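**Student:** Have a look at this one before I ask anything.
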Amino acid sequence: MIREVESSSSGRSTTILTTEAPGDEARLADAALKKGAQTIVVVGGDGTCSKVAQQILNARSQCAVALIPCGTGNDIAKTLGVYGAKPAEVLSLVARGKTARIDVGRADGHYFLNSCGFGFDSSVLEATQKVRFLKGDALYIYSALAQLFSYRGVDVTMDGAFRGKNLKILMAIASNGRSLGGAFRIAPTASVIDGKLDFCVFGDNNVWGRVRLFAGALRGSHLTLPGVSSKKAADLSLTFAANPAMEMDGELRLATSPTVRIECVQQALAVVAASGAPA
């Protein structure tokens, strides 16, 4: 559901727009923007919030995004400091009228607010779509554990911050926010206001090595493990043998080319955040 919230002092009414089918977020966000919305309050998870932000960014609008989290991972909510917040608390933040601007990532013609991942990451996301008996962090942890024993690494060539490395990797993640899949502290030093993305590359490993990486990522201590490389950079290009599957803000998509360029777009989006956030 998307709720357009406008100040009562302006004399304009509040409009509630409800999605009716998957992918309906774009249409409703466009409708809100055409009506002159100054803030769109998203009731949903990372995917819904990201799709609304996509339309705002495509329109080059100054409209801000607020989020009432009710998704699976809720990683964007953590960045905005509203993870676990009640609807009334988020609406109170909106009523104050204060916004901040955050960086966003862009890859393959699409924007992302939290993360863009390749390899194991996208495979885990695909696996979660087949599990019906779990929700929240447990869903991602269960799916990731199952993939540890069956996933095959992928060959990739990287240019930019990694200087033309050709590697077989378990996964590569471009992070704007610090968490992934709710439970994983995948980029513990990431910031949405530093003008850079945190790129983390995991070299492929045996099962025991993968278990160590899994446990480390839960605690945010994986960056010091063998085979893990992490760099802050404004952009990076990855080239695969074929068009890769990509995880973008909890949504799975297929890249349009074997080469994907990922870049940080500085201070691109206005957001409503809790005190002390975003960071």
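The values are calculated or read from the model by the stated rules, or taken from the named source; none is laboratory data. Worth saying up front: this structure is predicted, and the values here are computed from it rather than measured. Note that we place each Cβ from the backbone using ideal geometry, even for glycine, and neighbour counts take in every protein chain shown.
**Student:** Quick check on region 115-128. Is at least one of its residues modelled with pLDDT of 90 or more, within 12 Å of the chain's Cα centre (by Cα), assigned to a strand (DSSP E or B) and over 21 Å from Leu225 (Cβ atoms)?
**Tutor:** Checked against the condition, which is being modelled with pLDDT of 90 or more, within 12 Å of the chain's Cα centre (by Cα), assigned to a strand (DSSP E or B) and over 21 Å from Leu225 (Cβ atoms), region 115-128 yields at least one hit.
**Student:** Next question. Any residue at all in region 154-173 that is of a type in the set (Phe, Trp, Tyr) and within 22 Å of Asp46 (Cβ to Cβ)?
**Tutor:** no
**Student:** Filter region 253-279 for residues that are modelled with pLDDT under 95 and not assigned by TED's automatic domain parsing to the domain that holds Val192; which is surrounded by the most Cβ atoms within 10 Å (Cβ to Cβ)?
**Tutor:** Across region 253-279, the extreme among qualifying residues is Pro278.
**Student:** I would also like to ask the following. Among what's in region 66-88 and is free of Cβ contacts under 8 Å to residues at least 60 places away in the same chain and not in a strand (DSSP E or B), pick the residue that is nearest to Val131 (Cα to Cα).
**Tutor:** Ranking the candidates gives Cys70 first.
**Student:** Let me ask something additional. When the residues of region 91-113 are filtered to those that are assigned to a helix (DSSP H, G or I) and touching a residue at least 40 places away in the same chain (Cβ under 8 Å), which remaining residue is farthest from Ile68 (Cα to Cα)?
**Tutor:** Here the answer is Ala95.
**Student:** Does region 71-79 contain any residue that is hydroxyl-bearing (Ser, Thr, Tyr), outside the structural domain of Asp194 (by TED's automatic domain parsing) and more than 30 Å from Tyr142 (Cα to Cα)?
**Tutor:** We begin by selecting, within region 71-79, every residue hydroxyl-bearing (Ser, Thr, Tyr); these are 72, 79.
From the residues that got through so far, the ones that are outside the structural domain of Asp194 (by TED's automatic domain parsing) too are 72, 79.
This time we only want the ones that are more than 30 Å from Tyr142 (Cα to Cα), so: none.
No, there is no match, as no residue in region 71-79 is hydroxyl-bearing (Ser, Thr, Tyr), outside the structural domain of Asp194 (by TED's automatic domain parsing) and more than 30 Å from Tyr142 (Cα to Cα).
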